[in-house]
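Asks: Provided herewith is a single structure, encoded as structure tokens, for subsequent inquiry.
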Amino acid sequence: MADSETVPEAQLTDGFHLVIDALKLNGINTIYNVPGIPITDLGRFAQAQGIRVISFRHEQNAGQAAAIAGFLTKKPGICLTVSAPGFLNGLTALANATTNCFPMILISGSSEREIVDLQQGDYEEMDQLAIAKPLCKAAFRVLHAQDIGIGIARAIRAACSGRPGGVYLDLPANLFGQTMDHEDGQKSLVEVVDPAPAQPPAPESVTRALDVLKGAKRPLIILGKGAAYAQADEEIRAFVEKSGIPYLPMSMAKGLLPDDHPQSAGAARSLALKESDVVMLIGARLNWLLSHGKGKAWGEPYSKTFIHVDIEPKEMDSNVAITAPVVGDIGSCVSAMLERMGEDWTAAPADWVASVRDKVQTNVERMAPRLRNNNVPMDFHGALGALREIIKAQPDTILVNEGANTLDFARSIIDIYKPRKRLDVGTWGVMGIGMGYAIAAAVETGKPVLAVEGDSAFGFSGIEIETICRYNLPVCVVVFNNNGIYRGTDVNPSGGSDVAPTVFVKDSRYDKMMEAFGGDGVYATSPDELREAVEKALASGRPTLINAVIDEKAGTESGRIGNLNPTSVVAQQQKK
Ligand code: ADP
Ligand code: TZD
Ligand code: MG
């Protein structure tokens, strides 16, 4: 009989390790976080257990990284924050993920329920679950160690299934220290089976959609970022090509088919929207980015017939009547349509195809000389013309893009050749995604990243270039420095000594910021210098920031969406 000293103690596990084990069991291998009470050790232990833990300088950027990791991988990106202020910093990204239909889980440590619910003033006290609820797809709290497995399983399934989105998971501090028998703990974990089940469309919806499409004289396909997310790249390409119909990619769907594809209507967007008679949307919503499917942009008073392919039934008829809804996941829907088209599909009407093609060619030819200018200071066309050639030569590069003019010009000038290679401000047009998206793109794909940033846009997440240097990521940031928001030329109308609200310090040297952290900084004044610097950065894979000096007069108010600014009667009267 063994004496009591040699009897092994029952092996215990704790909340920290159950969270980590549950994530690992579900194939989650990266956490984007900012450490602090009560989750510092969670990051440490996760790293010890082989999870990659990328620590940021601000939770919003960690959250944006998690959001885009979700878009790129179809697995929920994980952002880990401390309570109250850290949670709130991460919340913008969680809401952004939900708005864009990206799967993400924000995990925040929180204070004990007893103190929060009696509002007794804990360290960083806040009723986080209540605040998160309206801003995400689902929100859960785990109070007992034995429920961690189920809690994380629910969070994963909620984030990925159906229309993807953001999920909040609230983990109070004393959960982490709770213990349970190791073996019981392992048994309590849940490996989620098929987190995003296929949702094949009803066969009659497919027939209806194809009948409508066949009857069209001027059909158009619009691909949205849901189509890019779906990773049904081959099927989508086969469907578009078999149909012979011109297609328009929304900005993050660029590259699903290469932008120089003969069916691309990208350079004839206005004509395609105005003159088409039947429009098939695939993973794109009829929100403000598509003028809600009506009005002048759509050639009103002529009305359109819409076919809408989307996983979310509630999206149908959200802005205009949908004649042929096809509800299901894009992979299944597009495959079903391809199959049903069979061999007897008649090609899209040739005169329509030709008129779109002609317009594309005319517009491309008209633009070409402007993209080859070598003006100093640079204008947007000269600078982006140089970057356009680089992406053409190195199409695996992931382009991250934010700003106003910097965004709008880059979207139309830089062609994308492969799926999910363009990441931008998305549905909200939100500034501040830049460095978070760039970091996650590099971490998740191992591919080089080119972040093209307005100088204002860059400021929202710019401190994360330290993070880029710390993890030695192959990210080249180009700051389009036009001394401010839209332009650097505004003056204070009152004559006071403050500069105008849209103007920054003139000739700031953003390149020096990168040097401060050990990366390469370059000051570029011409398209040739810019091209050379970006080529060098991509070849070296070194963290690089290029301060591209842009003519401060070159931009326009709000880029291409100035029409969305409200007008002031008073200001108009004063102009007269
Ligand atoms: P864009 O801004 O590019 O037009 P949106 O974000 O407006 O794109 O639309 C994306 C749409 O894609 C959403 O309505 C979403 O429900 C849908 N979606 C996302 N993933 C899938 C999928 N796997 N299958 C079908 N629809 C999807
Ligand atoms: N804050 C947030 C979070 N998102 C926003 N979209 C804005 C503010 C408003 N905004 C824009 O819509 S674009 C922009 C702001 C502040 C910056 C434009 O300046 P830029 O680009 O320097 O980035 P250009 O090239 O000078 O136009
Ligand atoms: Mg600017």
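Asks: Under the 0.36 nm per residue contour assumption, what length would be gained going from the current alpha-carbon distance of Ala347 and Lys553 to full extension?
Replies: Working: separation 206, 0.36 × 206 = 74.16 nm, distance 4.72 nm.
Gain on extension, Ala347 to Lys553, equals 69.4 nm.
Asks: Now, a different point. Quick one: compute the contact order of the chain, relative version, from alpha carbon pairs under 8 angstrom and 6+ residues apart, as a percent.
Replies: Values: 1272 pairs, mean separation 67.5, N = 576.
After rounding, I find 12 percent.
Asks: Which lysines have a Cα less than 19 Å from the Cα of Lys214, not counting those fewer than 8 places away in the same chain?
Replies: Here the lysines satisfying the reach criterion relative to Lys214 are Lys242, Lys304.
Asks: Also: Tell me the label-point distance for the pair Arg370, Tyr123, using the 7 Å Cα-to-Cβ offset, in nm and rounded to one decimal.
Replies: 5.7
Asks: Using only alpha-carbon positions, what ratio does the radius of gyration of segment 12-188 give when scaled by 2.2 N^0.38 Å? Write out the running numbers ahead of the final one.
Replies: Working: Rg = 14.6 Å, N = 177, 2.2 N^0.38 = 15.7 Å.
Working it through for segment 12-188, the quotient is 0.93.
Asks: Output the direction-averaged projected area (hull surface divided by four) of the convex hull of the alpha-carbon atoms of segment 90-219, in nm².
Replies: Details: hull surface 45.5 nm².
If I average the Cα hull's projected area over directions, I get 11.4 nm².
Asks: Convex hull volume of the Cα atoms in segment 489-576, per residue, in Å³?
Replies: Values: hull volume 13.1 nm³, N = 88.
Measuring per residue, one finds 149 Å³ for the Cα hull of segment 489-576.
Asks: Okay, next question. How many times 2.2 N^0.38 Å is the alpha carbon radius of gyration of segment 497-547? Walk me through the intermediate numbers first.
Replies: Numbers: Rg = 13.5 Å, N = 51, 2.2 N^0.38 = 9.8 Å.
The reported ratio for this selection is 1.38.
Asks: For every other residue with a beta carbon closer than 14 angstrom to the beta carbon of Glu235, add +1 if it is Lys or Arg and -1 if Asp or Glu, then tell me the sum.
Replies: On the way: positive: Arg237, Lys242, Arg340; negative: Asp233, Glu234, Glu241, Asp329, Glu339.
So the environment of Glu235 carries a net charge of -2.
Asks: Points 7 angstrom from Cα along the Cβ direction at Asn472 and Ala516: gap in nanometres?
Replies: Going by the 7 Å Cα→Cβ label model, 2.4 nm.
Asks: What FRET efficiency comes out for Asp181 versus Ser508 if R0 is 41 angstrom and r is the Cβ-Cβ distance? Round to the nearest 0.05.
Replies: Details: r = 59 Å, r/R0 = 1.43.
Given R0 = 41 Å and the Cβ-Cβ separation, E is 0.10.
Asks: Still on this structure: Residue farthest toward the positive end of the dipole of the chain, with Cβ of Lys/Arg at +1 and Asp/Glu at -1: which of Cys136, Gln120, Ser318?
Replies: Working it through, the farthest residue towards the positive pole turns out to be Ser318.
Asks: Shifting gears a bit: Say each of Glu234 and Thr567 gets a label point 7 Å from the Cα, pointing the same way as Cα to Cβ; how far apart are those two points in nm?
Replies: Computed distance between label sites Glu234 and Thr567 equals 5.4 nm.
Asks: Give me the percent relative contact order of segment 112-228, please, defined on Cα pairs under 8 angstrom at least 6 residues apart.
Replies: Numbers: 109 pairs, mean separation 27.3, N = 117.
Answer for segment 112-228 is 23 percent.
Asks: Test of understanding: express the Cα radius of gyration of segment 203-358 as a ratio to 2.2 N^0.38 Å, with N the residue count.
Replies: Numbers: Rg = 13.9 Å, N = 156, 2.2 N^0.38 = 15.0 Å.
So the Cα radius of gyration is 0.93 times the expected 2.2 N^0.38 Å.
Asks: Please give the charge dipole size of the chain, origin at the Cα centre, charges +1 on K and R Cβ atoms and -1 on D and E Cβ atoms. Round to the nearest 20 debye. Please list the in-between numbers first.
Replies: Values: 55 positive and 68 negative charges, 482 e Å.
In debye, rounded to 20, the chain gives about 2320.
Asks: Over the Cα atoms of segment 433-499, what Rg and Dmax result, in angstrom?
Replies: My reading of the Cα-based Rg and Dmax gives 15.5, 51 Å.
Asks: Sorting Asp184, Asp122, Asp511 on the 10 Å Cβ count, fewest up front, what's the list? Write down the numbers at each step before the final one.
Replies: Working: Asp184 13, Asp122 17, Asp511 22.
Fewest to most other Cβ atoms nearby, the residues stand as Asp184, Asp122, Asp511.
Asks: How much FRET efficiency would the formula 1/(1 + (r/R0)^6) give for Ala539 and Val193, where r is the Cβ-Cβ distance and R0 is 60 Å, rounded to 0.05?
Replies: 0.85
Asks: Same structure, new question: Give me the one-decimal Kirkwood hydrodynamic radius in Å for the chain, with the sum taken over alpha-carbon pairs. It would help to have the intermediate numbers written out before the result.
Replies: Numbers: mean 1/r = 0.0393 Å⁻¹.
Final number for the Kirkwood radius of the chain is 25.4 Å.
Asks: Within straight cross-link reach of Lys24, meaning Cα distance under 17 Å, which lysines are found once same-chain residues fewer than 8 apart are removed?
Replies: The qualifying lysines are Lys74, Lys75, Lys187.
Asks: Please report the antiparallel percentage of the DSSP beta bridges confined to the chain, to the nearest 5. Don't skip to the answer; put the middle values down first.
Replies: Values: 4 of 70 bridges.
Approximately 5 percent, going by the DSSP bridge assignments.
Asks: Over segment 372-562, one equal point on each Cα, no solvent: what is log10 I(q)/I(0) by the Debye formula at q = 0.13, 0.20 Å⁻¹?
Replies: -0.60, -1.48
Asks: In segment 12-188, what percentage of the DSSP-assigned beta bridges are antiparallel, given to the nearest 5?
Replies: Values: 3 of 25 bridges.
For segment 12-188, the DSSP antiparallel bridge percentage is about 10.
Asks: Run through every distinct alpha carbon pair of segment 231-283 and return the Kirkwood hydrodynamic radius in angstroms, one decimal place. Show your work: numbers first, answer last.
Replies: Values: mean 1/r = 0.0867 Å⁻¹.
So the Kirkwood estimate lands at 11.5 Å.
Asks: Restricting the calculation to Cα positions, tell me the Rg (one decimal) and the Dmax (whole number) of segment 173-220 in Å.
Replies: Cα only, segment 173-220: 24.9, 68 Å (Rg, Dmax).
All of the numbers you see were taken from the coordinates with simple rules; none came from a lab. Just so it is clear, the model here is predicted, and its values are computed rather than measured. Methodologically, a virtual Cβ is constructed for each residue, glycine included, from the backbone with ideal geometry; neighbour enumeration extends over all protein chains shown.
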